[in-house]
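Presented below is the structure to which this report refers.
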Amino acid sequence: MLWVLIRLALCEGQQLWGDYSYESSDNDDPTGVVHMMMVPPSMGVHDIRDRLTRRGKIRRIYMLPKNFLPSRKRQHAKKYAQGWIEFADKKAARQTVHMLDGHEIGGRCRVKYRDYMWHLTYLEGFKWENLTRWLNSKVVEHKKKVEEWKQTRKQQIRERRREIKKEKRTKRRLERERDKLKSNQTSSLLSQHKPNQGRTQDFVVIEVD
């Protein structure tokens with residue numbers, strides 16, 4: 001559904017991509033950027049370069065992981081959500097989209113993504129600098145969310161520690177009260193069985209011949 005909306009927006013002359021808009025760069029720049037809206041599973045940068053380099057010279061490729069995080073652990077992920085291919089010639093980029101978009105990728109039988117279709121769109125006026133700015137904004141946004149999460153987590157930890165201390169104090173108070181009650185009960189029982197003090201007992205003396 002997303003790629004349909006992007007196509008309609010481009011047809012209407014609106015420069016739209018994802019959740020941000022971009023301004024057209026210098027038209028004198030000969031490069032052209034193609035957006036790959038859906039990347040088949042197990043398809044990587046080398047596979048795309050091998051299949052598209054015959055259509056024209058490719059300068060750069062960037063693949064956005066499905067779990068986009070600015071971490072080294074995510075850089076070599078095999079599952080990508082979308083990608084951008086920068087051609088050295090915008091004419092070659094347009095021809096690539098015209099020839100491949102909507103067609104099967106194809107390949108040998110052992111290729112897992114051979115039955116998938118190309119979903120390519122030429123981004124008119126879009127340059128690599130636009131992509132760089134968008135990615136940087138996403139990184140900054142992610143760092144901000146991480147900092148907010150850290151602050152919230154610290155606050156939760158402090159509140160939990162206060163609750164634990166309060167529970168410990170309540171537990172100790174209940175234990176003291178229980179021990180005191182038990183001690184009072186024991187003293188009461190002992191006082192009931194203890195002989196009365198201050199009273200003299202009468203003894204009967206029996207004389208035996």
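The values are calculated or read from the model by the stated rules, or taken from the named source; none is laboratory data. In this text the structure is predicted, and so the values were computed from the model without any measurement. Every residue, glycine as well, gets a Cβ built from its backbone with ideal geometry; the counts of neighbours run over all protein chains shown. SASA here: full protein model, heavy atoms, side chains in, ligands and nucleic acids out. Shrake-Rupley method; radii C 1.70, N 1.55, O 1.52, S 1.80 Å.
Length gain on complete extension for the stretch E147 to D29, per 0.36 nm per residue less the alpha carbon to alpha carbon distance? The partial results should precede the final answer.
Working: separation 118, 0.36 × 118 = 42.48 nm, distance 3.86 nm.
Working it through step by step, the gained length comes to 38.6 nm.
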(message) Just to verify a number: what accessible area does R169 come out at with the full protein assembly present, 1.4 Å probe, Å² rounded to tens?
(response) 130
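Whole-Å semi-axes of the range 137-184's equivalent ellipsoid, largest first, each the root of 5 times a Cα gyration tensor eigenvalue? If you can, show how the numbers build up before the last one.
Numbers: eigenvalues 425, 4, 3 Å².
Each semi-axis is √(5λ); the values are 46, 4, 4 Å.
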(message) What figure, in Å² to the nearest 10, do you get for the accessible area of K144 with a 1.4 Å probe and non-protein molecules left out?
(response) 130
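Go through 44-53, 170-179 and give me the packing order, highest mean Cβ count within 10 Å leading. Before the final figure, lay out each step's value.
Numbers: 44-53: 14.6, 170-179: 10.0.
By packing density, highest mean first, the sequence is 44-53, 170-179.
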(request) Would you mind checking the range 138-162 for residues with the amide N under 16 Å from a putative spin-label position 7 Å along Cα→C-beta of Y62? (result) 138-143
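Roughly speaking, what is the stretch gain from K168 to M38, that is 0.36 nm per residue apart minus the C-alpha to C-alpha distance, in nm to one decimal?
Values: separation 130, 0.36 × 130 = 46.80 nm, distance 5.56 nm.
Value of the extension gain: 41.2 nm.
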(request) Under 27 Å Cα to Cα from K90, which lysines show up? Leave out anything in the same chain fewer than 8 places away. (result) K57, K127, K138
(message) Under 23 Å between alpha carbons, and skipping anything fewer than 8 positions from K145 in its own chain: which lysines qualify?
(response) K66, K73, K154
(request) Would you calculate the separation in nanometres between label points at V140 and V111, each defined as 7 Å from the Cα along the Cα-to-beta-carbon direction? (result) 4.0
